[in-house]
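First up is the structure itself, then whatever we jot down about it.
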Amino acid sequence: MRRFSADYLERTRRGMWESREALAPLDLDSRSRVLDVGCGTGELTRVLAEEAPDATVVGVDADLDLLAAARDAGASDDRSDGDADAEADRSDDRDPEHDRVDHDIDYCAGDATRLPFPDDAVDLVVCQALLINLPEPAAAVREFARVSADLVAAVEPDNADVEVTSTVDREAALEARVREAYIAGVETDVAMGERVRDLFADAGLSGVESRRYRHEKRVDPPYSEADLRGIARKANGAGIADHEAELRRALADGDESYDALRREWREMGRTAAGQAADREYERVERVPFDVTVGRVAGDGPDDRP
């Protein structure tokens, strides 16, 4: 499985769950046991816990560092909520309907293709951007079907269909070139798209449905600290260096070299930084993601334990 840093996951998933519409097919408010496989730093895990307030939610990941970051993020949220509660306690007009809800979340280490849970252990298994990073995604989906007593869901991006617009004239075209090389050089199917449906059907899941959404990432003034860090990463080449191995693999036999591509990327980044200094830089990236759900054969909502 491909590995990612906590910082990379935070950058790529920032703001994704500001709207929860895409999670509606998961029927989260009726769940009692939810498993988030490949949870990373726990962004989706915490959303699941918020949307399934009566459920026990477990995040599983093979990366111990990411699990530690997930636990730290949860502890930080608890401290922030506690501060808010303390402030509310001092208020004479406290509204009891807005009391903090303690969410039951646990994290454990585990391989997506050999989950450390018995058959039918949960009533929902879900993953986000996991299958595209596995060498054998079908094996993971079979495991999801084994440990779920009801529903399996996957939230997977289609990296071949990303749209970018920018006030830097060459940014969209350059990003398209880099993305094409990355997809050619990566060793997993990062443009899986609707093929997730086939994985679900092959695993014996029934009633498979999929719907596409787009996660919009916008950079415009006034810039946030995260926006400014992203612009700086363009200018110093760090943004393209995240995928150096994949790009070098794809460009090895071509006319274009990785070093030349990185120089062009940095020049584009410096233009973006100059526009940002004048508060003129704007960029919009729309990343498509498919929410695919399937039911464990023979089960339905009335059969949940």
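The order of the peptides 240-247, 149-156 by mean Cβ neighbours within 10 Å, most packed first, is 149-156, 240-247. When a/c is below 1.5 the answer is rounded, else prolate if a/b is larger than b/c, else oblate, so apply that to the stretch 142-191 with a ≥ b ≥ c taken from the square roots of the Cα gyration tensor eigenvalues. Here the stretch 142-191 falls in the oblate category. If the segment from Leu228 to Glu10 were pulled out straight at 0.36 nm per residue, it would be longer than the present Cα-Cα gap by 77.0 nm.
The value given for the stretch 113-202 is a Kirkwood hydrodynamic radius of 14.8 Å, derived from the mean inverse Cα-Cα separation.
A crude spin-label estimate for the pair Leu64 and Arg211, with each label 7 Å from Cα along the Cβ direction, gives 4.1 nm. Can you give the local net charge around Leu174? Use residues other than it whose beta-carbon is closer than 14 angstrom to its beta-carbon, Lys and Arg +1, Asp and Glu -1. Result for the neighbourhood of Leu174: +1.
Using the average count of surrounding beta-carbon atoms within 10 Å as a protection proxy, the listed peptides 43-50, 184-191 rank, highest first, as 43-50, 184-191. GNM on the chain, alpha-carbon springs under 10 angstrom: the most fluctuating residue among Ala277, Ala73, Ala62 is Ala277.
Rolling a 1.4 angstrom probe over the stretch 5-55 with all protein chains present gives an accessible area of which 46% lies on carbon and sulfur atoms. Centroid-to-centroid, using Cα positions, the stretch 18-70 and the stretch 224-256 are 30 Å apart.
Overall form of the stretch 167-210: oblate. Here a/c, set by the Cα gyration tensor axes a ≥ b ≥ c, is 1.5 or more, and a/b is not larger than b/c. With no solvent and one equal point scatterer placed on each C-alpha of the stretch 165-259, evaluate the Debye formula and give log10 I(q)/I(0) for q = 0.18, 0.19, 0.22, 0.25 Å⁻¹, two decimals. Relative scattering, expressed as log10 I(q)/I(0), comes to -1.00, -1.05, -1.17, -1.31. Average accessible surface for the chain: 50 Å² per residue, computed with a 1.4 Å probe over protein heavy atoms with every protein chain in place.
Going by the alpha-carbon gyration tensor, a ≥ b ≥ c the square roots of its eigenvalues, is the stretch 204-249 rounded (a/c under 1.5) or, if a/c is not under 1.5, prolate (a/b greater than b/c) versus oblate? Oblate.
For the stretch 234-301, the equivalent ellipsoid derived from the alpha-carbon gyration tensor has semi-axes of 37, 22, 8 Å in decreasing order. To the nearest ten degrees, helix 137-147 and the longest principal axis of the Cα atoms of the chain are 20 degrees apart. Taking a sphere under 13 Å around the Cβ of Ala153 and counting the other residues whose Cβ falls inside, with K and R at +1 and D and E at -1, yields a net charge of -4. For the chain, a Kirkwood radius taken over Cα pairs fed into Stokes-Einstein (25 °C, viscosity 0.890 mPa s) yields D = 117 µm²/s.
The values are calculated or read from the model by the stated rules, or taken from the named source; none is laboratory data. Note that this is a predicted model, so its numbers are computed, not measured. Glycine also receives a Cβ, built like all others from the backbone with ideal geometry; neighbour counts cover every protein chain displayed. We work out accessible area using only protein heavy atoms, side chains counted, and drop any ligands, DNA or RNA first. Shrake-Rupley method; radii C 1.70, N 1.55, O 1.52, S 1.80 Å.
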